[in-house]
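Okay, so here's the structure we're looking at.
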Amino acid sequence: MPDLAESRAVLIGVSRYDDIEMPDVPSAANSLRDMYDLLTDPDLCGWPEDRVVPIRDPASGSDLAQYLREIARETSDTLLVYFVGHGMLSDSAELCLTVSRTVPAHPDLTGLEYRYLRDAVRRSPAKSKIVILDCCYSGRAITALSATGLSLRDAADISGAYVLTASDAVAHTPVATPDEQLRTSFTDTFIDVVRRGVSDADELLELGEIYEELVRRLRSKGLPRPNQNGNGNILRFPFSRNVANHTQPGEAVTRYALSVADDTLRFEFAEINRQVMRLLRERPSIPLRGDQVSTLQNLPGIYQLSVQQGESEEVVYVGAADQNLPSRLSMHLMKLSGRQFISSNSVCFRYLHSEADAGRFIDLRRSAERLPAWNMNGFGNKDPGRHRDRTVLRRNHFDALHPIDLDYWIGPLPCGPQPLNRILKEAKATLPYVFRYDHYVSEFDGVSIVMPERVITADELFRQIAEATGDRWQLTAMLGYVILYRENAEYRSALRVYRGTTVADRRPETVLDPFDDDGH
């Protein structure tokens, strides 16, 4: 099964062209948007949003080639590249993918020759490599491709990978008025196949099965026949959950049994996952409180967290503890206690102890379950590390929805004059969110801080630390954690900045939707 956390998908859509000889393709923009929605749909393909990059109307073929090469080099599991827009042939019959500044007379110099994409994919360490080309031609480009007799499939051949193409010759584009939200015919049918599913296929829809249904539907409409090219077992790549598969859990209770095919031992992990999720749903709901968690045995296990609002309940997180289930639940309880806009009193859990590696049983990419809101969205993360301090979070990221509570009561801490290093260690161990600072600083030696004989808020503690460290040091409260470094820096995800005796509130930024007008 693919590890989507180690995968990347690059979606390229070109709908606007500077050259008047290159007609705009509004349906390409719609296709790009809907392909992004399909890949990130938790009920279908389940790609995390931060692993899918939509690129709308790129201007430079060389810049695009460089970016694709870098992404391909960094991807270790699955690399997927999708292109929709005009395609042209150069004088040497090389396929060229157009960009917004492509000049029809020089597509090889002003567009992206396919061989550069092909080479980037070939050299990638990714285990699975998927290229989907929806090249939409018109006028001379269509005639030229047809006249050459060159198969687009042959032009797109990538050894050890899978290539799916819209047509050897004419790729059909529906005629639409500006206010219509039509997609290109190929992408429209591809998305429809995945969203409707295939009735006689298994619970996971493979590339080869998608292609067979794609051919059937396109030919029934009198549209161009698509082509595919792949070797090895890439045709069995599980692209999506198959919503047309209606196998009931009770009917498949023995499908997790071992089997051997082609001298290969196989496990039905998808069925195991589905049954485990069903068993969890049947377990009693327990309030996420310290007294409840402390009664659990110190064993591995799987669990789910739910938020209750009145009579409704929403599963927000599914996790596994490979060694100690109560320890993991206590960590979540502590984290929630220091967050805004949510109360741990509204959270409950269900659990099952496990004798084996629990993590293997809740791989949501295998279970085809709906991805809960907090999974792969920042809730389970610990310290993101110094290199992520300048990251701007998505608006639906856990830390953006539930930022840290600076009014959290902390203590009691040691009172009276205390070494600064001791207070920093106590704060790091006591705060319900990450507090990271430079441990190897001699400046802190000999610096003392006077702590009051009472419980104080995190904000009061940070003010005292900032005053003790002075103007050369900056304590920054981010959306999800707090850092202390010798710097004078602006962080786009900062909530509040402490420097010496100065405290300033900030308005944190969040990432815009990928398809907003001012971003890709």
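The values are calculated or read from the model by the stated rules, or taken from the named source; none is laboratory data. Source: prediction; values computed, not measured. Backbone-built Cβ (ideal geometry, glycine too); neighbour counts: all protein chains shown.
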For this session: Collect the residues in region 1-43 that are hydrophobic (A, V, I, L, M, F, W, C), touching a helix residue (DSSP H, G or I) at 6+ places or on another chain (Cβ under 6 Å) and under 16 Å from ASP192 (Cβ atoms), keeping them in residue-number order.
Result: LEU38
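Yes or no, residue by residue, for (1) surrounded by 13 or more Cβ atoms within 10 Å (Cβ to Cβ); (2) over 20 Å from ALA494 (Cβ atoms); (3) in contact with a Cys (Cβ under 9 Å, 6 or more places away or on another chain); (4) modelled with pLDDT under 90:
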| position | (1), (2), (3), (4) |
| --- | --- |
| LEU406 | yes, no, no, no |
| LEU420 | yes, yes, no, no |
| ALA427 | yes, no, no, no |
| PRO432 | yes, no, no, no |
| ARG436 | yes, no, no, no |
| SER442 | no, yes, no, yes |
| VAL447 | yes, yes, no, no |
For this session: Considering every residue within region 339-352, establish whether at least one is at pLDDT 90 or above, within 28 Å of TRP473 (Cα to Cα) and crowded, with 18+ Cβ neighbours inside 10 Å.
Result: yes
For this session: Sort out which residues of region 490-507 are touching a residue at least 24 places away in the same chain (Cβ under 8 Å), under 14 Å from VAL392 (Cβ atoms) and either in a strand (DSSP E or B) or of a type outside the set (Lys, Arg) (or both), and write them in order of number.
Result: TYR491, SER493, LEU495
Seminar exercise, completed: Filtering region 189-213 down to residues that are closer than 15 Å to ILE132 by Cα, touching a residue at least 40 places away in the same chain (Cβ under 8 Å), of a type in the set (A, V, I, L, M) and in contact with a strand residue (DSSP E or B) (Cβ under 9 Å, 6 or more places away or on another chain) yields VAL194, LEU207
Exercise. Looking only at residues in region 414-438 that are part of a helix (DSSP H, G or I) and closer than 21 Å to GLU487 by Cα, which one is nearest to the chain's Cα centre (by Cα)?
Worked result: LYS428
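Can you pull out every residue in region 308-357 that is among the polar types (S, T, N, Q) and free of Cβ contacts under 8 Å to residues at least 40 places away in the same chain? Before the answer, list the steps.
Narrowing region 308-357 to residues among the polar types (S, T, N, Q): 308-309, 312, 323-324, 327, 330, 337, 340, 343-346, 354.
Passing the criteria: GLN309, SER312, GLN323, ASN324, SER327, SER343, SER346.
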Problem set entry | Filter result (under 17 Å from ARG339 (Cβ atoms), in contact (Cβ under 8 Å) with a residue 60 or more places away in the chain and among the β-branched types (Val, Ile, Thr)) within region 433-484 | VAL482
Seminar exercise, completed: Going through (1) among the hydrophobic types (A, V, I, L, M, F, W, C); (2) within 17 Å of the chain's Cα centre (by Cα); (3) more than 15 Å from THR187 (Cβ to Cβ) one by one, LEU89 fails only at (2)
